[in-house]
1. Can you tell me which condition residue 46 does not meet? The list is (1) open to solvent by less than 80 Å² (accessible area, probe 1.4 Å); (2) within 16 Å of residue 103 (Cα to Cα); (3) among the hydrophobic types (A, V, I, L, M, F, W, C), and all the others hold.
2. Quick one: in the stretch 96-110, of everything that is touching a residue at least 12 places away in the same chain (Cβ under 8 Å) and open to solvent by less than 80 Å² (accessible area, probe 1.4 Å), which residue is nearest to residue 50 (Cα to Cα)?
3. How about the stretch 69-95: which of its residues are open to solvent by 40 Å² or more (accessible area, probe 1.4 Å), closer than 18 Å to residue 34 by Cβ and either of a type in the set (Lys, Arg) or touching a helix residue (DSSP H, G or I) at 6+ places or on another chain (Cβ under 6 Å) (or both)?
4. Just checking, does the stretch 59-68 include any residue being in a helix (DSSP H, G or I), under 26 Å from residue 14 (Cα atoms) and open to solvent by less than 80 Å² (accessible area, probe 1.4 Å)?
5. Regarding the stretch 55-72, can at least one residue be identified that is on the phi > 0 side of the Ramachandran plot and touching a Cys at 6+ places or on another chain (Cβ under 9 Å)?
Amino acid sequence: MLLSHNIPLFFLQVLAASFFLYFACIAPAVTFGAIYGKATNNYIGAVEMILATAWCGIVYALIGGQPMMINGGTGPVLAFTEILYKVSKSMDVPFLTLNAWIGIWVSIYMFIAAFIDLNRIIVL
């Protein structure tokens, strides 16, 4: 079905859904980015949160099997990051390095958990 000026209706629906998802993802990313900036002395801010949200969304859409996922910062992750910043400050360890090593460790653990199928031990 075509609208006026030979614009396909499907194109307009895709465009509308894309704009909706963009604004649904950008608003929390900016908001949580500002809160992360306060919690981490601007080591992680709005720009980093927007980039991380975009990167995770693109990678998840390509390899996760579900392209329509809204992701971004959450309260528990913010609380963990704030505590991690305080711990790194008290131990006199660079925050971003500690954060990266924790991310690497969690990635390794998740790959091992997926490889040996640890979810089989979850009992309802």
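The values are calculated or read from the model by the stated rules, or taken from the named source; none is laboratory data. As the structure is a computational prediction, the values presented were derived from the model and not from experiment. We place every Cβ from the backbone using ideal geometry, glycine too, and count neighbours over all the protein chains shown. Heads up: the accessible areas ignore ligands, DNA and RNA and are worked out on the full protein's heavy atoms, side chains in. Shrake-Rupley method; radii C 1.70, N 1.55, O 1.52, S 1.80 Å.
1. Only one criterion in (1) open to solvent by less than 80 Å² (accessible area, probe 1.4 Å); (2) within 16 Å of residue 103 (Cα to Cα); (3) among the hydrophobic types (A, V, I, L, M, F, W, C) is unmet by residue 46, namely (2).
2. From the stretch 96-110, those touching a residue at least 12 places away in the same chain (Cβ under 8 Å) are 96, 98-99, 102; that's our starting set.
Restricting the remaining residues to those that are open to solvent by less than 80 Å² (accessible area, probe 1.4 Å) gives 98-99, 102.
On the way: 98: 21, 99: 18, 102: 21 Å.
So the residue we want is 99.
3. 72, 82, listed by residue number.
4. yes
5. Yes; the residues of the stretch 55-72 include at least one that is on the phi > 0 side of the Ramachandran plot and touching a Cys at 6+ places or on another chain (Cβ under 9 Å).
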